[in-house]
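Coordinate-derived values only; no laboratory data. In this text the structure is predicted, and so the values were computed from the model without any measurement. Positions of Cβ are backbone-derived with ideal geometry, glycine not excepted, and every protein chain shown enters the neighbour counts.
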Amino acid sequence: MNWIVENLWLIPALPLFAAGISALTKQKGRKLAASLAIGSMGISFLLALCAFAHVLALRSSGQATQQFFNFPWFQFGNDWLSLGWVLNPLTAVMLVMVTFVGLLIFIFSVGYMEHDENFTRFFCFLALFASAMLGVIISNSLLLLFMCWEIVGLTSYLLIGFWYFKPSAAAAAKKAFITTRIGDLPFFLGIVWLYSQTGTLLFYNNGAGALEPAAITHLLSQTTATGMCVATGIALLIFCGAIGKSGQFPLHVWLPDAMEGPTPVSALIHAATMVAAGVFLVARVYPLMSAHNGVAGVLTTSTALQAVTWIGAITALFGSLVAVAQFDIKRILAYSTVSQLGYMMMGLGVGGVAVGMFHLITHAFFKALLFLGAGSIIHGCSGEQDIRKMGGIRKLMPITFATYAIAMLALCGFPLFSGFWSKDEILHAAHHWNISQLPYYMGAFAALLTAFYMTRQVFYVFAGRSRLTQETTDASHTDPHAHAADHHHGSGAIHESPAVMTVPLALLSVFALLLGFFGTPAWPWFQSFLDDSPLAVNFGAFGEGGILPVMLISSLIVFLGLGLGWYFYGRRPIVSAEAPDAVGKLSPSIFTVLGHAFYFDALYAATFIRLNTLLSKISDWLDRWVWNGAVKTITSLVFGFAHLDNFLDTHVVNSGFDEGCEGVSLSGQVLSRLQAGRVQGYLKIVAGALIVFTILLLWKARA
Amino acid sequence: MTGHLVTLDQIFVVIKHWLLGFVPGALQPISSAILSVVPVVIAFPLLFAITTVLERKGLGRMQNRYGPNRAGWFGILQPMADGIKSLTKEDIVPKTADQLVHFLAPVVMVIASFLVYAVVPIGRNMVIADLNAGVLFFFAIGSMVELSVFMAGWSSHSKYSLLGAMRAIAQMISYEMPLVLASVVVIMAAGSLSTVTIVNMQAGYTGIWPHWYLFTPWGIIGFVIFMIAATAESNRCPFDMPEGESEIIAGYFIEYSGFKFALFFLAEYLGMFATSAMAITFFLGGWSAPFSFLTWIPSYFWFFAKLLTIICAFIWVRGTLPRLRMDQLMNFAWKFMLPLSLINIVGAGIWHFMPAGFTRWGVVSLLLALSCVLLSRGLRRNKWFHVRTYRFAS
Amino acid sequence: MSQLSGYLLLSAFLFSIGLAGALTRRNAILVLIGIELMLNAANLNFIAFWRYGPHPEALTGVMFAIFSISVAAAEAAVGLSIILAVYRHSRTTDLDKLNSMKG
Amino acid sequence: MTISFLLLAAITIIGTAAAMTLKNLVHCVLALSLGLVGLAALYMQLGAQFVGFTQILVYVGAVAILAAFAIMMTRSADPAVSHVVSSFRASGALIAILVFAVLAWATISGTSAQPILTAAPESSVGQVGAALMHRFVLPLEVIGLLLTAALIGAGILAMDEHRGNQNRGTR
């Protein structure tokens, strides 16, 4: 038991500590907060490297690469609730990725948030988020994972709504929070169910854990009322959580809106780490997901994994379709994130942990790079986000352009870039999937679209001449960040970002280029590392299993997409911001549908939210008419008395009038007795109840 | 220790058992209780008498004047004279006063102050009742004193006495918390609420040095906090707001005269001795000798030696420091003592869980010193201590 | 008439004394004190049942008494401060006069 | 029915009865503390030393003093109060008597109230602490939370609305 395993908790603890301190510091303590956050993140990164090295050492020495450390938390009733953390290849890889990307993004946001007055708060939230995310990664107990998961949700809420004075930001934050909650409810149910079935929430515990063969077989043996086996049910419920968190198909709506937050947040949370948490969760509980009755082997796939695959495929296609028709630079990236996440899910479903995780890691790097690049562009254009109003930025921001182009090619899956290898893994696995070929075709089409819309965006943003007129910069003054930027450098003149922002870009771009070579079919180091299988270098691997054709096809697809993009947008430069979109001209109707993301928000607004309002209306109606009505009747009764008396008074002698008044006041008194506001009166009633109940009790005891 | 030294150490115990031999078995428990209570009831008032003259002479010296020097040689007989005076004085009870409560207040106070001594280990095997929850008992009885103060202040319908009582109670409540929390560290270390166990835990020696809790970082801090809080608990200078002669003539016992006044005086000093005795028990190793080579001296001797030292320290403080203002008093209690004692508990916990050695020393003392500095700076940043400006003079 | 029933009777008496006080006194503070008395009666029951009950080693009664004492302390603090607030609002603590629900 | 029990019971009954009947509120508080001390002594007689001392510490040391403070602050102690009992004294007393009657009947006729005569179980502080830390750790946490909430709530409730202005006035 190496010390790193025992002290793994330090990795999340350090950013948490930083967050705590910077929560206490005043608004002026900008340097302190930033240096705390970055420093803690750096140390965590070093620790993560230690953990990684430890796993590598274990592997080279041929031991089991999975070590965990459990401790009892507290005792309730008779059984102890214990938490713990686990260190295995999955954890190690995720740790390194999250800490490294997080570190770069922290450094980037020093430059990006430079002019924001709530700098300190921002870094406090960032650090808190990082610690929660790392907690999710290392936790060996589903409960601990869920806690950190919720903190992650909270911090994403806080960060999306960071500019809370923008109503759109506040709304987006609320939307994200609520939508993810919808996913978390089934997740929690799944946890409870799992606990009730296996009596433990630890993943690995020397054979007693919930993910270890004993528990799995037990779960498989049980079946629910509908005949579905319990393992599947729990797996599906947990997958709901993943759907919510990583914006899968039915619950994807929050992710695009989440772009209201500052761009580093979008990069950190909604590209690199948080949305990956859902994928990670599926990978973490993969034994549960893949558990199925029947013969073990490739030819059977559990229901849960089928669900994962289909959801992933749909999401991938959907996201890329929608991304074609967006104009907000960050929204495009958001939808592409959605589709890429779909890819990962699909990869997990069809090809196992390694495939999905490989794409997750590569995607984290180039997507973070894309977002940071977008951030730097927005920073340069002083808050402008509409790609139609940009253009010609290539010359003005060369470094940004270079890095952005690399990232874009990686995302498109241009051959030899990192995205290429990981995406081909997935497509290849999908091609060989035993259930159906459809996911493969969907994925391929999504890849085509990806290449297309990325080309479109790049042409819009970088090519041609600048369409950023003065009035747009004035218009962009609504954006608080633009305020700060303009305040900083007079007019909204486009400018290259400072080194503190470009250096992380460069670093990330290196990874976006080279990371893929760790997982080539010839040398599948990553896969073997995750699956803990022997590793060998053979270039023959390209030949076998029909990998080569798939690769050729996909690269053809990519080239096709790029070509289409150039045909539509690159051939003649876009002249004015008002010019209609080139594809939009072909079939405006479809384009608008895509532009509104298939009207999903409208759909939800029409169904769920309408339903909700209806319910509230109903309760309002009940309150208004039924309960209130009762009171009204009493009062009207009293009024009736009064009117009667009035009648008697006007028509009969006034003796009757007096009696009527007596009656009215008497009834009023009688009614008021019940609510006299006399504490002791209530107490008296309680005491009377006590007497009655005691007597009843004794009487029963007698009988 | 050789035999006769043991007998010298245990002489009182031996005598008690010898006397118990004469009473019939039925009366054994009650008579043993009496036999152990009576000496205490005699010894501490005697100490009180000695302390009064000591205090007056000591203060006199500090203020460049002779103290009492008429009654007896160097005024040794002064306390006797005082006693006779207060006994023969007329006992005046205000007309509007609430007679019964006015009478009960000093009685309750004295009873409470005496009760506390039940758990004070005066020497080896010399404690009246080794209660399982002795420390709790001490604080519980101590809280009864507050009630009697309130009785005294309220019963003699005078605004000065009422003010004094209110101030006294507020002060006692505020300073009881640091007092309790400062002793919590000792309870943590000793793992018991029994005073005897606490003393026994400190009885060992490494080399010639004893294992007193004073000689640990948290021990030092705890001792200081405890002593300050004890000073405030027993309403002594510089915390003698409640009975500040110059403002509210004598606080809650203005309206008392003669013997009742003497009772209050006695009770106050007894309370002071009791808290000092507790401080000795908690931090100064109770009756254990300060060096391993001095263990041949009887234990009770060491107890009283330490007690007298602390009393002299009290007198010295009284002669040195000026009186605090009410808000300063409260701020000091709530914003310095309380946080510091809480941090001290944390420090003690760290001390408990770290392996013994210099790192432990370093870490804990660093933590405590740092918190001391920060808290005192926080106390100073707000403007409580400022030069008084007379706007309307001149 | 065993030991236990003696304690139970005593606690019943305490309870009804507290109840009587809470019901008949006018002053809010005394009503609060009466409620405290009822709580104490319950505590006495817990301790007595712990002492004479089947499983004294489980300390359940003692624990319950400790918890209820702490709850009672909290209740007294909050209640008294509520009374202070009420007094500040409508210069009286007389429950007969405090019967208007609107401030 | 040992002598000590009767003695302590008498003290308790006298104290509490006085606390509920006396005219002067301060007397009531003092009588109450007497009664509660008696009760604490009863706890100790039953072998629950810790609870007894806690009782004294909390009730005599804190609650009684707090009540006294409240009485002082609300000026309830001055004899100006015309009649101390509220308007429904008769019904209240009747109900209380009924409650006592019912409870006493239950106690005496209760068959389950026959004690299991065990040797006096000692509840040393150590055991209490261990129980608090193991079996009752969750209630302990909850109580801690409750006390914190009560502390804050009491502070806010008792805080004078205009205190801030006054401070600004004086400083």
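For B:ASN125 and A:VAL679, a Förster radius of 56 Å and the Cβ-Cβ distance give a FRET efficiency of 0.50, rounded to the nearest 0.05. Computed from label points 7 Å out along Cα-Cβ, the spacing between A:SER636 and A:LYS700 is 4.2 nm.
Taking packing as the residue-averaged number of other Cβ atoms within 10 angstrom, the listed peptides A:321-333, A:353-365, B:325-337, A:173-185 run from highest to lowest as A:353-365, A:321-333, A:173-185, B:325-337.
Treating each Cα of the protein assembly as shown as one equal point scatterer and applying the Debye formula with no solvent, the log10 of I(q)/I(0) at q = 0.04, 0.05, 0.07 Å⁻¹ comes out as -0.37, -0.57, -0.97. Each residue in A:TRP9, A:TRP621, B:TRP351 was given a count of other beta-carbon atoms within 10 angstrom of its own, and listing them fewest first yields A:TRP621, A:TRP9, B:TRP351. Of all lysines in the structure, the ones whose alpha carbon falls short of 22 Å from that of A:LYS367, not counting any fewer than 8 places away in one chain, are A:LYS245, A:LYS330, A:LYS423. Take the Cα of B:TRP334, step 7 Å toward its Cβ, do the same at B:VAL38, and the gap between the two points is 5.0 nm. Considering only A:GLY349, D:PHE69, A:PRO12, the residue lying farthest towards the positive end of the dipole of the protein assembly as shown is D:PHE69, judged by Cα position with unit charges set on Cβ. For A:PHE445 and A:GLU117, the FRET efficiency from 1/(1 + (r/R0)^6), where r spans their Cβ atoms and R0 equals 35 Å, is about 0.15.
Between the Cα long axis of helix A:329-351 and the first principal axis of chain A there is an angle of about 80°, rounded to the nearest 10.
Taking a straight line from the alpha carbon of A:LYS684, these lysines sit under 25 Å away, with near neighbours fewer than eight places off in the same chain left out: A:LYS700, C:LYS97, C:LYS102, D:LYS23.
Gain on full extension, evaluated as 0.36 nm per residue between A:THR650 and A:GLN66 minus their Cα-Cα distance, stands at 200.7 nm.
A simple spin-label model places pseudo-atoms 7 Å from Cα toward Cβ; at B:GLU90 and B:SER292 they are separated by 6.6 nm.
Per-residue mean of foreign Cβ neighbours for C:67-75 is 6 (Cβ atoms of other chains, 10 Å radius).
Of the three principal axes defined by the Cα atoms of region B:88-380, the extents in descending order read 66, 45, 33 Å.
Where a Cα-Cα gap under 21 Å defines reach, which lysines qualify for B:LYS159, not counting those fewer than 8 residues away within the same chain? Filter leaves B:LYS95, B:LYS260.
The mean sequence separation of alpha-carbon pairs under 8 Å and at least six residues apart, normalised by the residue count of chain A, gives a relative contact order of 11 percent.
Restricting the calculation to alpha carbons of chain A gives Rg and Dmax of 31.0, 117 angstrom.
Measuring r between the beta carbons of B:ILE350 and D:THR2 and using R0 = 41 Å, the FRET efficiency lands at 0.25.
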